[in-house]
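Notes for the one structure printed next.
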Amino acid sequence: MFSKKQKQKRIAKERIIILFEEARKVSKKNIKLASRYVALARKISMKYKVKIPKEYKKIFCKKCSIYLIPGKTLRTRIKNKKIIYYCFHCTNIMRYP
């Protein structure tokens, strides 16, 4: 038996995954809609205190919640063995080892 909170968290995680998949499908045609899906997924994540799956964490800007597409909304550089993402929308810089 699952408690009410566990059910809510499981449903929230499923919705987050669905929203990120929809954002990926729509991103080629409509970046604004893809970014809206990401923003909704982040809101669900924060409300129910569910972590966003690891494979989706690097495909959106943590500051402005825009869906990142290399060349359109994102600049990628490698410097000192670190990957540097630069968001064109909010000029945020994200560094990954």
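The values are calculated or read from the model by the stated rules, or taken from the named source; none is laboratory data. All values derive from a computational prediction rather than experimental measurement. Using ideal geometry, Cβ is built from the backbone for each residue, glycine included, and neighbour counts are taken over all protein chains shown. The area values use the complete protein model at the heavy-atom level, side chains included, leaving out ligands, DNA and RNA. Shrake-Rupley method; radii C 1.70, N 1.55, O 1.52, S 1.80 Å.
List of remarks:
- The amide H of residue 69, built 1.01 Å from its N in the peptide plane, has 74 as neighbours under 5 Å, considering only residues 5 or more places off or on other chains.
- Using the Karplus relation 6.51 cos²θ - 1.76 cosθ + 1.60 with θ = phi - 60°, the per-residue 3J(HN,Hα) values for region 17-26 come to 4, 4, 5, 5, 5, 5, 4, 5, 5, 7 Hz, with x marking Gly and Pro.
- Calculated from backbone phi, Karplus (6.51, -1.76, 1.60) coupling profile of region 62-71 in Hz, x at Gly/Pro: 6, 8, 10, 6, 7, 6, 8, 10, x, x
- Loop-located trypsin sites (Lys or Arg not before Pro) in region 1-32 (DSSP state not H, G, I, E or B) with no more than 11 neighbouring Cβ atoms inside 10 Å: 28, 29.
- Cα gyration tensor, region 34-83 - rounded (a/c under 1.5), prolate or oblate: oblate
- Mean separation of Cα contacts under 8 Å, 6 or more apart, over the residue count of the chain: relative contact order %: 20 percent
- Label corresponding to Cα extents along the principal axes in Å when calculated from the structure given, among (i) 45, 29, 20; (ii) 50, 32, 18; (iii) 48, 23, 21: (ii)
- Per residue solvent-accessible surface (Å²) - the chain, probe of 1.4 Å: 75 Å²
- Distance violations [Cα-Cα > 19 Å] among 4/49; 7/32; 13/51: 7/32
- Karplus-derived HN-Hα couplings along region 48-58 (A = 6.51, B = -1.76, C = 1.60, θ = phi - 60°), whole Hz, x at Gly and Pro: 9, 6, 10, 6, 6, x, 4, 5, 9, 5, 8
- Bridge orientation summary for the chain: considering DSSP beta bridges with both residues in this region, about 90 percent are antiparallel.
- Residue-averaged [θ]222 nm for the chain, counting only DSSP H segments that reach four residues, each worth -39500 (n - 2.57): -14500 deg cm²/dmol
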